[in-house]
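The values are calculated or read from the model by the stated rules, or taken from the named source; none is laboratory data. None of the values given here were measured: they were computed from a predicted structure. With ideal geometry, Cβ positions are generated from the backbone for all residues, glycine too; neighbour counts draw on all protein chains shown. Keep in mind that these areas ignore ligands, DNA and RNA; they rest on the heavy atoms of the full protein, side chains included. Shrake-Rupley method; radii C 1.70, N 1.55, O 1.52, S 1.80 Å.
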Amino acid sequence: MPTDCLFRDDAYLRDCRATVLGITDQGGLVLDRTVFYATSGGQPGDRGVLVTAGGAEIPIGTAVYTDAAKSDIAHVPADGAGRPNVGEAATARIDWELRYARMRMHTALHLLSAVLPYAVTGGSVGDAESRLDFDIPEAGLDKDEITAKLNEMIAADAEVRSRWISDEELAANPGLVKTMSVKPPMGTGRVRLIEIVGFDLQPCGGTHVRRTSEIGAVRVTQIEKKGKLNRRVRLALA
Ligand SMILES: [Zn+2]
């Protein structure tokens, strides 16, 4: 039975009741449902705790998919932590401060891809800094100019919406895919589109804030040349 990924429909859920379905060979705990985002698309898996029915807190270092189809999520306990038994009930609770910062960062990266409308070749959401790599043949990018445009979009308080479309609809609209290195997850029959109203539309499985104003001020910290056709743009929450 696949893990019910509650974060896909509501990124603001901080905890949920769940049942331990299994334990992987690496000791990861697979639950029937979870609020833990699992590492993918450049966004790291959530940290948090699993609270057993007896009240014991098991620290979880990260969450990862156990399979290429991204159906099961393993919650990886920190070293030396105890383990609940299969069939036991538990409460899964994420480190909300950390996750919310990542939601703000991640949404800011969508805006960055709108400010710089070039193909994206890679990216990652970090806790201090996040980055996107662009396929841009020439330099001439200005940190302050990009920062100003980003902060304008943030101040516009644009709504961030999600909706699902079929694999066929996505295949018919290849222009929606900005990221060449990370193909949107297809094959399950549907793909989630994230729209920042007025600014950006692209398939994405990550976690986002509801309105751009929640991001708060950001700053482009560095623009690096990564090979002839690549520019790496780093940004941080101000
Ligand atoms: Zn996203």
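Assorted remarks:
- Leading residue by the ranking (surrounded by the fewest Cβ atoms within 10 Å (Cβ to Cβ)) among those in segment 201-235 that are within 16 Å of the ligand (Cβ to nearest atom) and over 23 Å from residue 44 (Cβ atoms): 211
- Near pairs, Cβ below 6 angstrom, 6+ apart or cross-chain, from segment 107-119 (open to solvent by 20 Å² or more (accessible area, probe 1.4 Å)) to any residue that is within 11 Å of the ligand (Cβ to nearest atom) and not aliphatic (A, V, I, L, M): 114/200
- Those residues of segment 87-106 which are open to solvent by 10 Å² or more (accessible area, probe 1.4 Å), not in a helix (DSSP H, G or I) and not β-branched (Val, Ile, Thr), in sequence order: 87, 88, 89, 93, 95
- Failed condition for residue 84, given (1) assigned to a loop (DSSP other than H, G, I, E, B); (2) open to solvent by 20 Å² or more (accessible area, probe 1.4 Å): (2)
- Summed over segment 47-63, residues that are under 23 Å from the mean Cα position of the chain (by Cα), without any contact (Cβ under 8 Å) to a residue 40 or more places away in the chain and open to solvent by 50 Å² or more (accessible area, probe 1.4 Å) total 1.
- The single condition among (1) at pLDDT 90 or above; (2) surrounded by fewer than 13 Cβ atoms within 10 Å (Cβ to Cβ); (3) within 16 Å of the ligand (Cβ to nearest atom) that residue 198 does not satisfy is (3).
- Residues being open to solvent by less than 40 Å² (accessible area, probe 1.4 Å) and at pLDDT 95 or above - total across segment 134-160: 7
- Being touching a Ser or Thr at 6+ places or on another chain (Cβ under 9 Å), surrounded by fewer than 21 Cβ atoms within 10 Å (Cβ to Cβ), of a type in the set (A, V, I, L, M) and modelled with pLDDT under 90 is a description that does not apply to residue 177.
- Checking residue 164 against (1) over 26 Å from residue 62 (Cβ atoms); (2) touching a helix residue (DSSP H, G or I) at 6+ places or on another chain (Cβ under 7 Å), the condition it does not meet: (2)
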